[in-house]
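The values are calculated or read from the model by the stated rules, or taken from the named source; none is laboratory data. Every value quoted in this text rests on a predicted model; they were computed, and no experiment measured them. Here the Cβ positions follow ideal geometry from the backbone for every residue, glycine too, while neighbour counts run over all protein chains shown. Note: areas computed on protein heavy atoms with side chains; ligands, DNA, RNA excluded. Shrake-Rupley method; radii C 1.70, N 1.55, O 1.52, S 1.80 Å.
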Amino acid sequence: MIKNNHHLRKLSCVFGLSVTSQFVNAQIPNLDVPGSFEAHGFATQNFVLTSENQFFGDSESGSFEFFEIGINGHWQATDRLTFSAQVTARDAGKTDDGDPRLDYGFLDYRLYNSDTYSAGIRLGRAVNAQGLYNSTRDVAKTRPSIILPQSIYFDSLRNLALSSDGIYFYQDLFRGAHEFSTQFSYIEPRADDPDLEPIVLSSFRPGRFEGASSWLANFLYDYDFGKIRLGLTATQLNTDYISRNDPFLSDGEFIFSPIIFSAQYQTERVTYSAEYMRRRSELKSLGAPFDSKLNGSSYYIQAQYRINNELSIYTRFDNLTSDDSDRFGDVFEQNTGLSGDTRYAKDFMIGARWDINQNWLISAEYHDVEGRGWLSLLETPANDGSRYWDLFLMSVSTRF
């Protein structure tokens, strides 16, 4: 009975947000002029089934505990000043409890704007411009698949990756069919993901991480309105670790420095995408044996074929290595006693999507996975999982 009520509450939220969004848009025209306001929403219900291991709920028995719903608003206060915000509730097994949170909320002031060049500044909590998909990862309609490549876009660390609090400088330069976009950000990362501590320390401790002064730089080149896209993202995310009287740990720092190279080529029917991440992780001042420096890498290659305007199929190979000097975690397992397959993952995926109309989408995909490098340790403990496993997902999504 409780479970049924839980699903009824989800459906009520979808209906309520849909009505609210349509009412707001009916009252205030969607115009990019001073004083205009627009609101939109989205909701996605997923079904997850795994042969082994747990992914967003009791997926070995089939799980509906992967649900997202949100509403966002945009107010054009003046010709140069706008305000944007998004509130989201996300249920994802033990990694997310479904409580509403502010994904972003910022003011945007346009310093300069012309047909060939624009520049501005954002202040508040804004989305991190990382790779090809981070800026649009929330809405299922704008994602290439139900879940993004987990070696680059970790869902278990969604808050940390999605947005940060800070000040963002951006500019766009247009030269014919060429567009050059840059963003430089001085930020404080959101370190409130429950999986961050076990991922970084390979165990559950009584302490916590807090965001510290960090930076992000993103460069994107676009040719012929998306026919070719090339990108580079460099980041240094700094966090402070508060040990909370842990007898084995001192207060310290965790520094995460990824560099992402992105490329995409699009024809009328096919989109090819690939990204490579080189990352450096460092733990400082926590004390032996936790202090360490680690170099890892990730990449994926992906293709999507559009059969027609509604139907498409896609495939991807995704590879994650936590430590390039210990690719399959053998040394890690010897030193810690924890399973080495938590240090890497190889994922081959095939899927299909049906874009019923502008508002509704149905998708399904199958993953053949070796390794557990991107699984949550909250849901599948290090020594309580399988190296080889299958993942099947189905998704129904709407936006309004």
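I need the peptides 319-325, 125-131 ranked by packing, meaning the mean over residues of other C-beta atoms within 10 angstrom, with the highest value on top. Kindly include the intermediate steps, with their values, before the conclusion.
Values: 319-325: 18.7, 125-131: 23.1.
Taking the mean over residues of other Cβ atoms within 10 Å, the ranking is 125-131, 319-325.
Using only the heavy atoms of the protein chains and a 1.4 Å probe, how would ILE228, ILE147, ILE313 rank by accessible area, largest first? All intermediate terms of the calculation are to be shown ahead of the outcome.
Details: ILE228 55, ILE147 0, ILE313 80 Å².
Largest to smallest exposure gives the sequence ILE313, ILE228, ILE147.
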Taking every pair of alpha-carbon atoms in the chain, what share in percent sits in each 10 Å bin, from 0 to the bin with the longest distance? 5, 20, 32, 28, 12, 3, 0
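Using Cα pairs closer than 8 Å and at least 6 residues apart in sequence, work out the relative contact order for the stretch 75-168, in percent.
On the way: 143 pairs, mean separation 21.5, N = 94.
It rounds to 23 percent for the stretch 75-168.
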Could you state the principal axis extents of the C-alpha atoms in the stretch 231-300, from the largest down, to the nearest angstrom? 60, 17, 16
Once a ≥ b ≥ c are taken as the square roots of the eigenvalues of the Cα gyration tensor of the stretch 245-400, is the result rounded (a/c under 1.5), prolate (a/b larger than b/c) or oblate (a/b not larger than b/c)? prolate
Work out how much length VAL33 to GLU310 would gain on full extension: take 0.36 nm times their residue separation and subtract the Cα-Cα distance, in nm to one decimal. 96.4 nm
Could you grab the relative contact order for the stretch 316-400? Cα pairs under 8 Å, six or more apart, rounded to a whole percent. 28
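How would you order 38-50, 75-87 from highest to lowest mean count of nearby Cβ atoms within 10 Å?
Numbers: 38-50: 21.3, 75-87: 16.3.
In decreasing order of mean packing, 38-50, 75-87 become 38-50, 75-87.
Near ASP324, within a Cβ-to-Cβ distance under 14 Å, what is the net charge of the other residues, with Lys and Arg +1 and Asp and Glu -1?
Numbers: positive: ARG278, ARG279, ARG280, LYS293, ARG327, ARG343; negative: ASP323, ASP326, ASP330.
For residues surrounding ASP324, the net value is +3.
So what's the net charge close to SER292: Lys and Arg +1, Asp and Glu -1, counting the other residues with Cβ under 10 Å from its Cβ?
Values: positive: LYS284, LYS293; negative: GLU282, ASP291, ASP323.
Residues close to SER292 contribute a combined charge of -1.
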Value of relative contact order over the chain, rounded to a whole percent, pairs C-alpha under 8 Å and six or more apart: 13
Using only DSSP helix segments of four residues or longer, with each worth -39500 (n - 2.57), what per-residue ellipticity at 222 nm results for the chain after dividing by its residue count and rounding to 500? -3500 deg cm²/dmol
Where the Cα atoms of the stretch 338-400 are projected onto their three principal axes, how long is each span, largest first, in whole Å? 47, 22, 13
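Contour minus end-to-end for ARG80 and ILE242, with contour as 0.36 nm per residue of separation and end-to-end as the Cα-Cα distance? Could you put the intermediate results ahead of the total?
On the way: separation 162, 0.36 × 162 = 58.32 nm, distance 4.11 nm.
Using 0.36 nm per residue and subtracting the Cα-Cα distance, I get 54.2 nm.
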Let me know the Kirkwood hydrodynamic radius for the stretch 94-182, please, with Cα pairs as the basis and the value in Å to one decimal. 15.0
Rounded to whole Hz and in sequence order, give me ³J(HN,Hα) for the stretch 188-202 from the Karplus expression 6.51 cos²θ - 1.76 cosθ + 1.60, θ = phi - 60°, writing x for Gly and Pro. 10, x, 8, 9, 9, 6, x, 8, 4, 5, x, 5, 6, 9, 6
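Go ahead and run the numbers for FRET between ASN295 and ILE228, Cβ-Cβ distance against an R0 of 35 Å, rounding to 0.05.
The value I calculate is 0.70.
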Angle, helix 2-27 long axis vs. longest principal axis of the chain, Cα atoms, 0 to 90°, nearest 10? 30
Roughly how far apart, in whole Å, are the Cα centres of the stretch 239-275 and the stretch 151-192? 12
Rough spin-label spacing in nm, given labels placed 7 Å along Cα→Cβ, for ARG269 and PHE219: 3.6
Rank-order 200-206, 391-397 by packing density, defined as the average count of other C-beta atoms within 10 Å over each peptide's residues, highest first. 391-397, 200-206
